[in-house]
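Report on the following structure.
The numbers here are math on the coordinates, done by the rules we state, and not lab data. Fair warning: this is a prediction, and the values are worked out from it, not measured in the lab. We place every Cβ from the backbone using ideal geometry, glycine too, and count neighbours over all the protein chains shown.
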């Protein structure tokens, strides 16, 4: 068995370690993709961005998960019950789930998953020593005395402080992946690169900055409708080139099986302005688009106790609204996004969620006359006396920022675009040092609460990067969380969204789309609104 594993390792890894990209015969059932942003950790407690979430989803499982239609379905838990007061949730676990084979277990064989593993994994998230960026997911939600309890080996119990309807969505997040205590304790800080999960794939090698390689988990518990054990693939290779241009060239040469979105300089070569494939690409690649629970926006710091805000004209609602009216979202999406995405002319809650209704929540459309009216109302007629506003963005969104700055300048709002690295922007927004900044919010689970929490005054930054505070909004938000009736809850969400949009602490840009370019031989590869990389049922047929 050891020899076989070494042989498998050499077949899979050699190409990467010598920077060779030839997909030879031994790799025909290995799925290849590239991750331009790098991968910082393979520990679920640190699954804070998409690049990590995608890998964690291959290596681990959660109690419940989200299906293609955004419904919550069983995963490690085969069923669950909730008490009449909706405070105690009891999950009944599958009895056929085993952790990956690993030296940490007796004889190197993965042991059976137990309810104690679930309790340990959740306690670990909120443990200050773990320092998980996901610790917030249980804040002010779970019981302070014994929130997580293993009743027996196959029964896990979770207790809430008060009813909280999106709790299943929280439990579907990659942060809530189940890990074994003995592996975390044995590998310590190195657990980030020595994952031990229950997922459909298990790690073979991670050469930081070069590649991640995974192989099929032969003991994975899920089967397809015909009784065949999943996954179908033998493995996954992830290259770590940081250039989207390089990524596209590799895809064009069929060295990658799919790419997520496309480098801007290639968009016009591949896509029409209407967002369809050009004739010369038809039949050669497949374009997949799907509503994506992500909103791209500009954030405005509105905490008037902050020195940055005290003397800034951005403290006036009229100025913030003038910015919202002052540029053409539709033209921006047409020319800079090749129509991939929907102009955000409603609220912060994006298209794709059941509570979204643009006929009820009214946002901003291009109206330069209205912008000028608001500027005069704020004491800056035609922008006279208005100081330059600095807009912070990251390199890949500089063209968007320049477009917005140009149109705002034409109506008298002077904007200076400053391009900085993503890590610096994240640090500045988290510490309230950015007055006007580019941001995005990707849903962790399919509920509008996930978006409106960005403006709940009791939340820190993240997620409340603008430091927005409105007691009326907070009342609506809190009421929605305990409302069992979906239609009433959705109405409360819409009221809160409208209230916040009128206050304008953000400038919504567009509701995103999943945009994937896929090789024709890839079968069973479906996009989803969370843009989670789902490979369990993928087949490669060349």
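Figures for the structure shown
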read-out	value
Footprinting exposure proxy for 359, 177 (fewest neighbouring C-beta atoms within 10 Å first)	359, 177
Folded to 0 to 90 degrees: helix 115-126 orientation relative to the chain principal axis, Cα	30
Principal axes of segment 291-514: Cα extent on each, largest first, Å	51, 41, 36
Protection-proxy order for peptides 506-517, 196-207, each taking the mean of Cβ atoms within 10 Å per residue, highest first	506-517, 196-207
Nearest-ten-degree value, helix 368-377 long axis tilted from longest Cα axis of the chain	70
Cα long-axis angle, helix 398-410 against the chain (0 to 90 degrees, to the nearest 10)	10
Sites residue 264 and residue 367, calculated FRET efficiency, Cβ-Cβ separation with R0 22 Å, nearest 0.05	0.20
Volume in Å³ per residue [convex hull over Cα atoms, computed for segment 457-542]	159
Shape category assigned to segment 61-185 from the gyration tensor of Cα positions, a/c cut at 1.5	prolate
Using a Förster distance of 56 Å, the FRET efficiency for residue 424-residue 226 (Cβ separation, nearest 0.05)	0.65
For segment 243-374: Kirkwood Rh in Å [reciprocal of mean 1/r, alpha carbons]	17.8
Ranked packing of 75-84, 250-259, most packed first, by mean Cβ within 10 Å	250-259, 75-84
Residue 289 versus residue 69: modelled label distance in nm, points set 7 Å from Cα along the beta carbon direction	2.5
Theoretical ellipticity at 222 nm over the chain - DSSP helices of four or more residues, -39500 (n - 2.57) apiece, nearest 500	-8000 deg cm²/dmol
Spatial separation of Cα centroids for segment 143-200 and segment 421-458, in angstrom	25
Label point distance in nm, residue 84-residue 382, each placed 7 Å from Cα along Cα→Cβ	7.1
Simple label model, 7 Å out from Cα along Cβ direction - residue 207 to residue 140, nm	4.8
Whether the chain is rounded, prolate or oblate, judged on the alpha carbon gyration tensor where a/c under 1.5 counts as rounded	oblate
Which of 286, 262 has the fewest Cβ neighbours within 10 Å, and the rest in rising order	286, 262
Overall form of segment 107-165 per C-alpha gyration tensor (a/c, 1.5; a/b vs b/c)	oblate
Sorted peptide list for 477-486, 164-173, 398-407, criterion being average Cβ within 10 angstrom, highest first	164-173, 398-407, 477-486
